[in-house]
Amino acid sequence: AIYQATTSAPVNIACIKYWGKRDTTLILPTNSSLSVTLSQDHLRSTTTSQADPSFKETRLWLNGKEEDIKSGGRLERCLKELKKMRKERIEDKDHNAPKLSEWNIHVASYNNFPTAAGLASSASGFAALTSSIAALYDLNNFSPSSSAKPSAASPSELSLVARLGSGSACRSLFGGFVAWEAGSLPSGTDSLAVQVAPQEHWPTLHALICVVNDAKKGTSSTSGMQRTVETSALLQHRIKEVVPQRMDAIIKAIKEKDFDTFAKITTADSNQFHAVALDTAPPIFYMNDVSRSIISIIEELNRVSLLNTGHLVAAYTFDAGPNAVIYTEEKNVKQIIELVLRYFPQAESNPFPDPFQLFGGKQ
Ligand code: DP6
C-alpha cells in the first residue's frame, strides 16, 4: 500500500463504571466514568491501517481473521468521522495533499493477550483503530517535530471518535488515570475523555488481573446496559445521586495518591454496578462463586489490615464478566498473589511480565 501506519493502545479498567447509554447510536453515556489505563507493554491492541487508491473495498482483519464490516455499524461510523477530519483539516486546505479520504482502507488489528483470556478487547481495539487511522491520515499530534501541526487532533478529539466504536474505548486514548465526561449535548461533542493524571504520577499502583473464567460472557455489555436503562430504578439513583460525588472524590484521591479512598470508592462502585445488573429485569449475573470468593479474600485482608495499620491493602473490581482486577500498591503485590494462590492452588501465576499478573484459574 502507498500509505501505512501502525499504533497500539492498552486495555483500561474502570474504577467508576460506565453502564447505560442515553444515545445508543452516538454512544453517549448516562454517567461519567473513570479508569486506569494499563501500561503500554502489557495488555494491548496493535493496529495497522493502509490506504491505497487501488483498494476495491474497505476490509478488516482481527487477529488474522477477516471480519464482515456491517454497513452503518460502529467501524463505519468511526471511519466516517476520521475521513471528515482528513478532508476538512488537510485535503480542503492543501490541494496537493493526496485524497486519502476518498480511498478504501485495509485495517488489521492484533491483541497481544489471548482472546481466550476473557478480557474486554473492544476498548483497546477501537482506541488502537482510531489512533492508527488518525496517524495514517496525518491527524496525529505526536509527530517528532516539536511544534504541533495545525491539522493535529488532540487525544480528547480522537476519544470522540473511539467512543463511536465502543464507549469504554474513548478512555484508552490516554495513559494513566482517565475520566470520560458524560457531557450533556445531544451532539455528543462534550462526551469525551480527559487525563486526570499520567501513569508517572502514581507509578506504585499496580493492577493484578485474575482470569476466573476465560469463556465468552453471557450478556454483552451493549445489550445488558440497555436492559438496565429500561428496567432498573436503582440505576436512576446511581446516575443522579451516587456517581457525581464519587467522580469528584476519586479524582481528588488520585491527585493525592490516597489509596484508602481510591480503594473504598473502586470496590463500592464495582459492587453497585453488579447491583444494578441484578436490579435489571430479567436480572444479569456477571460474577460467579470464584469472583465472590475473591471479594471475601480481599475484604478479609482489608479488615485485618485496617485493624493493624489503619489502612486498606487492596481494591477489587469486576466488569461484565467474572474476572477480577485487584488494585494494590507495589509493596503488597507479592503478598496478594500468594494469598490468592493459596485459595486457588490450581491457578497459574505470571504468564505476563510484572506488574500485571494473570491467574489462569480453572473452576
Ligand atoms: C462494565 O464499552 O464494552 O466494562 O459502549 O456498548 O461498546 P459499548 O460498551 P462497553 O462497556 C463497558 C462496560 C464496563 C464498564 C466500563 O468499562 O466502564
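Read-outs: derived from the displayed coordinates by stated rules, not from any lab. Quick caveat: nothing in here was measured; it's all calculated off a predicted structure. For neighbour counting, all protein chains shown are included, and Cβ atoms are generated from backbone atoms with ideal geometry for every residue, glycine included.
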Sorted by Cβ density within 10 Å, fewest first, the residues Ser187, Ser172, Ser109: Ser187, Ser109, Ser172
Span from the the range 152-173 Cα centroid across to the the range 181-221 one, whole angstrom: 12 Å
Loop GluC sites (Glu not before Pro), the range 1-110, which have at most 11 other Cβ atoms in a 10 Å radius of their Cβ (DSSP): Glu57
Choice from Thr267, Thr231, Thr46 showing the highest fluctuation, given a GNM over the chain with Cα pairs closer than 10 Å: Thr231
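Treating only the Cβ atoms of Lys and Arg (+1) and Asp and Glu (-1) as charged, compute the dipole magnitude of the range 260-350 about its Cα centre; round to the nearest 20 debye.
Here the range 260-350 has a charge dipole of around 160 debye.
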Hits among lysines - C-alpha to C-alpha of Lys93 under 21 Å, sequence gap 8 or more where chains match: Lys80, Lys83, Lys84, Lys149
Solvent-free Debye scattering, log10 I(q)/I(0), computed from the Cα coordinates of the range 165-247 at q = 0.14, 0.15, 0.16 Å⁻¹: -0.75, -0.86, -0.98
FRET E, pair Ser220, Val194, Förster distance 25 Å, beta-carbon r, rounded to 0.05: 0.40
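Normalise the Cα radius of gyration of the range 122-274 by 2.2 N^0.38 Å (N = residues in it) and let me know the number.
So the Cα radius of gyration is 1.17 times the expected 2.2 N^0.38 Å.
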The range 53-97 - charge dipole about Cα centre, Lys and Arg +1 at Cβ, Asp and Glu -1, debye rounded to 20: 120 debye
Simple Cβ-charge dipole of the chain, Lys/Arg +1 and Asp/Glu -1, about Cα centre, in debye nearest 20: 460 debye
Between the range 1-69 and the range 248-268, the Cα center-to-center distance that results, in Å: 28 Å
Candidate lysines - alpha carbon under 27 Å from Lys257, same-chain residues fewer than 8 apart omitted: Lys17, Lys240, Lys331, Lys334
Using θ = phi - 60° and Karplus 6.51 cos²θ - 1.76 cosθ + 1.60, couplings along the range 271-285 (whole Hz; Gly, Pro as x): 5, 6, 4, 6, 5, 6, 5, 5, 7, 7, 10, x, x, 10, 10
Leading residue at positive end of dipole, the chain (Cβ point charges), from Ser71, Leu278, Leu26: Ser71
Aspartates and glutamates whose Cα lies under 12 Å from that of Lys56, excluding same-chain neighbours fewer than 8 positions away: Glu102
Sum of -39500 (n - 2.57) over DSSP H runs of 4+, divided by residues of the chain (222 nm, nearest 500): -10500 deg cm²/dmol
